[in-house]
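Notes follow the structure.
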Amino acid sequence: MSIRGERSLSEVLQDVVGNIQEIIRSEFQLAKAEIKDRVAKMRGPAAWMGVGSVIFLYGLGFILLAIVYKLGTIMEPWLAALLVGGALALFAAVILISATSKLRRIDAVPQRTVKTMKENMTWAKKQIK
């Protein structure tokens, strides 16, 4: 310190650097919390997509087998299997498109963190000038 009680340039710079380090640590904590929140939101639709797919496959497998057997009595068995398989593929496509659409609506970018990082960088630049 100088005699008049003013702080030296090195002390001011140390404080600025310390403040910037604290801000960066806080921003990382905020980003971590935001990302954790986003992942939690994605977990639900993704898990239901998996559960629905597994149950659908098992249950529908037996129903489709019965349909193929029944259709096999009025047409060639290979044609019956092709017809049922095509209908199944169309139905599965609708389910997957719906689930994918729900996942895309979730914004994975930590918006608050991006905003505050920009504000902090502006503040730090003003402090250095």
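The values are calculated or read from the model by the stated rules, or taken from the named source; none is laboratory data. The structure presented is a predicted model; accordingly, all values stated were derived computationally and were not measured. All Cβ positions, glycine included, derive from the backbone under ideal geometry; neighbour counts span all protein chains shown.
A Cβ distance below 8 Å, combined with a sequence gap of six or more or placement on separate chains, defines the contacts here; from segment 38-53, residues that are among the aliphatic types (A, V, I, L, M) reach residues that are not in a helix (DSSP H, G or I) in the pairs 42/106; 42/108. Restricting the first member to segment 102-129 and to residues that are under 16 Å from residue 24 (Cα atoms), and the second to residues that are charged (D, E, K, R) and part of a helix (DSSP H, G or I), the beta-carbon pairs closer than 7 Å and six or more apart or on different chains are 110/34; 112/34; 113/27; 113/34; 116/27; 117/27; 120/27.
For segment 59-96, a residue qualifies if it is of a type in the set (Ser, Thr, Tyr) and surrounded by 10 or more Cβ atoms within 10 Å (Cβ to Cβ), and exactly one does: 69.
Within 30 Å of residue 111 (Cα to Cα) and out of contact with any Leu (no Cβ under 9 Å at 6 or more places or on another chain) - does that describe any residue in segment 49-64?
Quick first cut of segment 49-64, residues within 30 Å of residue 111 (Cα to Cα) only: 49-50.
Next, only the ones that are out of contact with any Leu (no Cβ under 9 Å at 6 or more places or on another chain) stay: 50.
Yes, that holds for at least one residue.
Across segment 88-121, what is the number of residues that are under 23 Å from residue 52 (Cα atoms) and either in contact with a Ser or Thr (Cβ under 9 Å, 6 or more places away or on another chain) or in a helix (DSSP H, G or I) (or both)? Give the derivation first.
First, the residues of segment 88-121 that are under 23 Å from residue 52 (Cα atoms): 88-106.
With the extra rule that they be either in contact with a Ser or Thr (Cβ under 9 Å, 6 or more places away or on another chain) or in a helix (DSSP H, G or I) (or both), the set shrinks to 88-104.
Looking only at that region, the number is 17.
Within segment 25-36, no residue that is within 9 Å of residue 110 (Cα to Cα) sits with its Cβ atom under 7 Å from a residue that is modelled with pLDDT of 85 or more at 6+ positions apart or across chains.
Within segment 69-84, can one find any residue that is charged (D, E, K, R), closer than 24 Å to residue 24 by Cα and assigned to a helix (DSSP H, G or I)? Give the steps one after another, and end with the answer.
Step one: list which residues in segment 69-84 are charged (D, E, K, R), which gives 70, 76.
Still in the list and also closer than 24 Å to residue 24 by Cα: none.
Taking every residue of segment 69-84 in turn, none turns out to be charged (D, E, K, R), closer than 24 Å to residue 24 by Cα and assigned to a helix (DSSP H, G or I).
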